[in-house]
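This report concerns only the one structure given below.
The values are calculated or read from the model by the stated rules, or taken from the named source; none is laboratory data. Remember, it's a predicted structure, so these values are computed and weren't measured experimentally. Here the Cβ positions follow ideal geometry from the backbone for every residue, glycine too, while neighbour counts run over all protein chains shown.
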Amino acid sequence: MENIDKKFADGTNKVLLTDFDFEEIRKLVTDLKEPGYRAGQLFQWLISGEDFSGMTNLSNSFRQKLSSFSRAVGIEIIKNLPSKDGSQKFLYKLFDGNIIEGVLMKYKYGNTLCVSTQVGCRMGCAFCASGIDGLIRNLSAGEIAGQVYAVNKFMGGNSQKREITNIVLMGSGEPLDNYENTLKFLKIITSKEGLNISQRNISLSTCGLTDGIYKLADENMAVNLCLSLHAPFDGIRNKIMPVSKKYDLKSVIDACKYYFEKSGRRVIFEYALIDNVNDSKECAVKLKELLKGFSAHLNIIRLNYVKEKKLKPSSKERMEIFTEELKRQGVSFTIRRTIGAEIGGACGQLRRSYSNNE
Ligand code: SAH
C-alpha cells in the first residue's frame with residue numbers, strides 16, 4: 001500500500017483488507033478485541049470476494065467496526081466479454097476509477113487467470129500496448145489478489161470452491177517493477193489460509209529486471225519465471241525493449257540461470273515474432289547459443305498487431321523459416337496459439353495462451 005494514495009473515490013480514507021495477509025488479519029481481530037476465531041471467518045470471506053454485507057456469520061457490530069475504517073472489496077468486475085474459444089475477458093474498476101483488464105482461459109486441467117500488476121507500465125516496449133500511457137500506478141497486493149477473488153466468485157467459486165487453479169502475471173504492468181506488492185500477493189494467494197494456489201501453478205513474466213529476478217530467486221519459491229526475450233542480440237533488443245539498455249542479455253540470462261538453479265523450475269522465454277526485426281535465421285541460430293546450458297524453453301507467438309505501433313507480425317513464411325531453423329538447432333520451443341483474439345485478448349496486447357502445466 002505504500003505507494004498508493006489511500007484516498008478512495010468516495011472521499012474516505014479506508015484501508016483495503018485484502019492487502020492483509022492472514023497474520024495481519026489475526027492481529028487486527030485481536031486489536032479489535034474480537035474472539036480469535038473471527039480471523040479465520042473474516043479471511044475466508046475476503047478471499048471469497050465477499051463484501052461486508054455478505055459476511056453473514058459475523059456480527060453486525062463487528063462488520064460496522066470494520067467498515068468504519070476499511071473496505072473488503074477493492075476491485076469490481078464491470079464487464080465480461082466471452083470469446084468463442086471459451087476464454088473470457090474481464091474489465092475491472094479500481095477504487096479510484098482506474099480500469100484494468102484480464103483474461104480467463106479454460107484448459108482441461110483447470111482455469112488460468114491472467115492478472116495485472118500495475119495500471120499502465122513504464123517499461124516502454126515498442127510492441128506493447130500496456131505502456132502507451134506510461135505507468136499510472138502500482139496495484140496493491142490486495143488489488144492483484146482481488147482480480148482472482150472477483151473472477152473466482154464470478155465463476156461460482158468461493159474460498160472453499162476454487163474455480164481458478166492457475167495464475168499468470170502477464171497482464172498489464174511489470175511485476176518486478178512493483179516488487180513488494182507482487183511478492184505479498186504471491187504469498188497471500190499461495191498461503192494455506194488463502195486460496196492455496198500451488199506456487200508451481202503460477203507464472204511470473206518479466207521484461208528482464210535483473211535485480212528483481214535475483215531477489216525473487218532468493219525468496220525460494222517454486223513460481224515459474226517467464227522472461228520476455230524477444231531478441232537474442234543486444235542491438236535488436238535495445239531497439240524494441242528500452243529496459244535492455246540497463247540490463248544487457250548476458251546479465252539477464254545469468255539471472256535466469258540463477259533462478260533456475262535456485263528454484264529448479266525450467267525458465268520460459270517469450271518471443272513474439274516481429275516482421276523483419278527478430279525473425280531471421282541468424283536470430284534462431286543465436287537463440288540456441290543463448291539458451292544452452294540450462295533448462296530453458298522458448299514460447300513463440302506471432303506479434304499481435306497493436307494499431308498504435310508500427311511493428312508488424314512476421315509473415316507465415318518467415319515464421320516457418322525461423323521455426324525450421326530452431327528445430328534444426330534443437331531448441332526446445334512451442335508455438336503458442338492465440339486465445340480470445342476476437343475479444344481483444346487482454347491488456348491490449350495479451351492475446352496469448354500460456355500455461356505452465358505443459
Ligand atoms: N511486463 C511483463 C509482463 C507482461 S506479460 C513482461 O514484459 O514480461 C505480457 C507478455 O506479452 C510479455 O511477454 C510481452 O512482451 C508480450 N507482449 C506485449 N505486447 C505484445 C504484442 N503486441 N504481441 C505479442 N506479445 C506481446
Sort out which residues of the range 128-147 are assigned to a strand (DSSP E or B) and not β-branched (Val, Ile, Thr), and write them in order of number.
Leu135, Arg137, Asn138
Taking Arg63 and the conditions (1) in contact with a strand residue (DSSP E or B) (Cβ under 7 Å, 6 or more places away or on another chain); (2) closer than 29 Å to Lys27 by Cβ; (3) at pLDDT 95 or above, which numbered condition does it fall short on, given that it satisfies the others?
(1)
Being within 25 Å of Lys84 (Cβ to Cβ), among the aliphatic types (A, V, I, L, M) and within 11 Å of the ligand (Cβ to nearest atom) is the filter here, so list the residues in the range 105-132 that pass it.
Val115, Ala129
Report whether or not Ser244 is in contact with a helix residue (DSSP H, G or I) (Cβ under 8 Å, 6 or more places away or on another chain), surrounded by fewer than 21 Cβ atoms within 10 Å (Cβ to Cβ) and either under 27 Å from Lys215 (Cα atoms) or in the same structural domain as Gly208 (by TED's automatic domain parsing) (or both).
no
Give the range 157-184 a look and list any residue that's in a helix (DSSP H, G or I) and within 13 Å of the ligand (Cβ to nearest atom), or say none.
Pro175, Leu176, Asp177, Asn178, Tyr179, Thr182
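Among the residues that make up the range 188-197, is at least one of them surrounded by fewer than 17 Cβ atoms within 10 Å (Cβ to Cβ), touching a helix residue (DSSP H, G or I) at 6+ places or on another chain (Cβ under 8 Å) and part of a loop (DSSP other than H, G, I, E, B)?
Step one: list which residues in the range 188-197 are surrounded by fewer than 17 Cβ atoms within 10 Å (Cβ to Cβ), which gives 191-192, 196.
Those still in the list that are touching a helix residue (DSSP H, G or I) at 6+ places or on another chain (Cβ under 8 Å) too: 191, 196.
Next, only the ones that are part of a loop (DSSP other than H, G, I, E, B) stay: 191, 196.
Checked against the condition, which is being surrounded by fewer than 17 Cβ atoms within 10 Å (Cβ to Cβ), touching a helix residue (DSSP H, G or I) at 6+ places or on another chain (Cβ under 8 Å) and part of a loop (DSSP other than H, G, I, E, B), the range 188-197 yields at least one hit.
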Is it true that some residue in the range 67-82 is at pLDDT 95 or above, over 25 Å from Ile164 (Cα atoms) and in a loop (DSSP other than H, G, I, E, B)?
no
Take the conditions assigned to a helix (DSSP H, G or I), farther than 18 Å from Phe269 by Cβ and within 11 Å of the ligand (Cβ to nearest atom) and apply them to Asp211. Does it pass?
no
Pick from the range 225-242 the residues that are touching a residue at least 60 places away in the same chain (Cβ under 8 Å) and outside any loop (DSSP other than H, G, I, E, B): which of them is nearest to the ligand (Cβ to nearest atom)?
Ser228
